[in-house]
Amino acid sequence: MPLSSEQRVNLQTRQYSDGELDVRVWQPKAACVDMDTEEFFPEKGGSAREARKKCLGCEVTRQCLEYALMTNTDFGVWGGLTPPDRRAVRKLRKLKQGSD
């Protein structure tokens, strides 16, 4: 179920015990901050290879990925993962939660 606008705003400023997920904190540190966003939002069937390469050396890859997972972002490359990659991560996390 997608988050409401209010939930997304709350998420953007919420602190987690394992680090800060506030986009205002981590996003300016992202390796992609000054890059053309088209690379990170390829058209259907387009390659995400260059965006993924950029994410490999980024200091905030984990925060970026967690933000996309928590907000159910289903477009673009976030934290080095494409939408199908993130859906697989969400599915694995759900399975793991069910087994705990």
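Where a number appears in this text, it was derived from the coordinates with a stated rule and is not lab data. Predicted model, so just to flag it, every value in this text is computed and none were measured. Ideal geometry is used to build each Cβ from the backbone, glycine not excepted, and the neighbour counts take in all protein chains shown.
Leaving out same-chain residues fewer than 8 places away, which lysines sit with a Cα under 16 Å from that of Lys54?
Cα-Cα hits under 16 Å: Lys29.
Starting from the Cα-Cα distance between Lys44 and Arg87, subtract it from 0.36 nm times their residue separation and give me the gain in nm to one decimal. All intermediate terms of the calculation are to be shown ahead of the outcome.
Values: separation 43, 0.36 × 43 = 15.48 nm, distance 1.65 nm.
Fully extending the segment from Lys44 to Arg87 adds 13.8 nm.
Determine, for each peptide in 22-28, 73-79, the mean count of other beta carbons within 10 angstrom over its residues, then list the peptides with the highest first. Working shown, then result.
Numbers: 22-28: 14.4, 73-79: 18.3.
In decreasing order of mean packing, 22-28, 73-79 become 73-79, 22-28.
At R0 = 25 Å, how high is the FRET efficiency between Thr37 and Asp74 if r is their beta carbon distance? Nearest 0.05 is fine.
Values: r = 16 Å, r/R0 = 0.65.
That pair, Thr37 with Asp74, gives E of 0.95.
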